[in-house]
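Everything below concerns the one structure shown next.
The values are calculated or read from the model by the stated rules, or taken from the named source; none is laboratory data. Since the model is a prediction, treat every value here as computed from it, not as a measurement. All Cβ positions, glycine included, derive from the backbone under ideal geometry; neighbour counts span all protein chains shown. Surface accessibility is based on the protein's heavy atoms, side chains included, excluding ligands, DNA and RNA. Shrake-Rupley method; radii C 1.70, N 1.55, O 1.52, S 1.80 Å.
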Amino acid sequence: MARAVVLGGGMVGSAMAMDMQRSGVDTTLVDLTPKAVQEVAKRWGFATAQADLSNAEAISRAVAGADIVLGALPSRLGYNAMAAVIDAGKPYVDISFVADDLRDHDAAAKAKGVPVVYDCGVAPGMSNVLCGYAARAMDRCDSLEILVGGLPVERSWPFQYKAPFAPWDVLEEYTRTARVVQGGKMVEKVALTEPELFDFAGIGTLEAVNTDGLRSLVDLPVP
């Protein structure tokens, strides 16, 4: 049976471990405080382990027996954790939305001969894949606009937002300079500017603003 290790036992990491285990993959979730997910782990049948995931040697030991590693760590840990997983020679799929350019690790991954898929969350991640699929399905695509957000079951002030990720990561994502592509060129804009209102049936009116979520779409070559 294939073996997977998930780094990070938050709301997203524990859900990733559940999905892997019920897909028939022998899964271990690693976190500094694995007791927080023991009930979930028992229910879904995946194992847990404790490790300081800010430490490269601890990560190397944690992933030693894995066929694939999944990362669900806060941004302050994500960049260095990726380097440690690559150094251990393990394929890596990561959702950590760090401010750094994760392509800095490209040469190391190639030298180790391991594939790395980064920015593999909702947006960036699923949004990028859906945009690529839509553009390929069309005869012609001149522009793309991505609208994404986290909606709670019950909206309440002041944020009306559901944040399954580390709170400081969400705030940082929504306040750093937004990079967009206009006329084929990358343009920087102040975060949370140019608000637009959109009406959605069954949900109501939502406001969209500029945020920095395109990532590698900013400078990928146009086919």
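Checked against the criterion of being within 15 Å of LEU29 (Cα to Cα) and touching a helix residue (DSSP H, G or I) at 6+ places or on another chain (Cβ under 9 Å), the candidates ASP52, ASP87 yield just one match: ASP52. Against the test of being in contact (Cβ under 8 Å) with a residue 40 or more places away in the chain, in contact with a Lys or Arg (Cβ under 9 Å, 6 or more places away or on another chain) and of a type in the set (Lys, Arg), the options ARG179, ARG215 yield a single qualifying residue, ARG215.
Taking the range 182-212 as the range and being touching a residue at least 40 places away in the same chain (Cβ under 8 Å) and within 18 Å of PRO124 (Cβ to Cβ) as the test, only ALA208 passes. Across the range 160-176, the qualifying residues are those that are touching a residue at least 60 places away in the same chain (Cβ under 8 Å) and either more than 22 Å from ARG76 (Cα to Cα) or more than 14 Å from the chain's Cα centre (by Cα) (or both), and the one among them that is surrounded by the most Cβ atoms within 10 Å (Cβ to Cβ) is GLU172.
Hey, can you tell me all the residues within the range 177-223 that are more than 17 Å from ILE146 (Cβ to Cβ) and open to solvent by less than 60 Å² (accessible area, probe 1.4 Å)? Once the filter is applied, which keeps residues that are more than 17 Å from ILE146 (Cβ to Cβ) and open to solvent by less than 60 Å² (accessible area, probe 1.4 Å), the range 177-223 yields only GLY204. Selection of the range 128-159 for residues being surrounded by 11 or more Cβ atoms within 10 Å (Cβ to Cβ), of a type outside the set (A, V, I, L, M, F, W, C) and out of contact with any strand residue (DSSP E or B) (no Cβ under 9 Å at 6 or more places or on another chain) yields ASN128, GLY132, GLY150, PRO152.
Within the range 90-101, the set of residues being crowded, with 22+ Cβ neighbours inside 10 Å and either of a type in the set (Asp, Glu) or closer than 23 Å to ASP212 by Cα (or both) comprises ASP94, ILE95, SER96, PHE97.
May I ask you to verify whether THR33 is over 28 Å from ARG179 (Cβ atoms), touching a strand residue (DSSP E or B) at 6+ places or on another chain (Cβ under 8 Å), without any contact (Cβ under 8 Å) to a residue 40 or more places away in the chain and open to solvent by 10 Å² or more (accessible area, probe 1.4 Å)? Can you show your working first?
Working: over 28 Å from ARG179 (Cβ atoms): yes; touching a strand residue (DSSP E or B) at 6+ places or on another chain (Cβ under 8 Å): yes; without any contact (Cβ under 8 Å) to a residue 40 or more places away in the chain: yes; open to solvent by 10 Å² or more (accessible area, probe 1.4 Å): yes.
Yes: the conditions hold for THR33.
Residues satisfying the criterion are present in the range 113-122 (criterion: open to solvent by less than 40 Å² (accessible area, probe 1.4 Å), in a loop (DSSP other than H, G, I, E, B) and out of contact with any Leu (no Cβ under 9 Å at 6 or more places or on another chain)). Screening SER14, SER54 for residues that are hydroxyl-bearing (Ser, Thr, Tyr), open to solvent by 40 Å² or more (accessible area, probe 1.4 Å) and under 20 Å from the mean Cα position of the chain (by Cα) leaves exactly one candidate, SER54. When ALA64, ALA83 are checked against the criterion of being closer than 23 Å to VAL122 by Cα and more than 13 Å from the chain's Cα centre (by Cα), a single residue qualifies: ALA83. Taking the numbered list (1) touching a residue at least 40 places away in the same chain (Cβ under 8 Å); (2) open to solvent by 50 Å² or more (accessible area, probe 1.4 Å); (3) of a type in the set (Asp, Glu) in turn, ASP87 passes all entries but (1).
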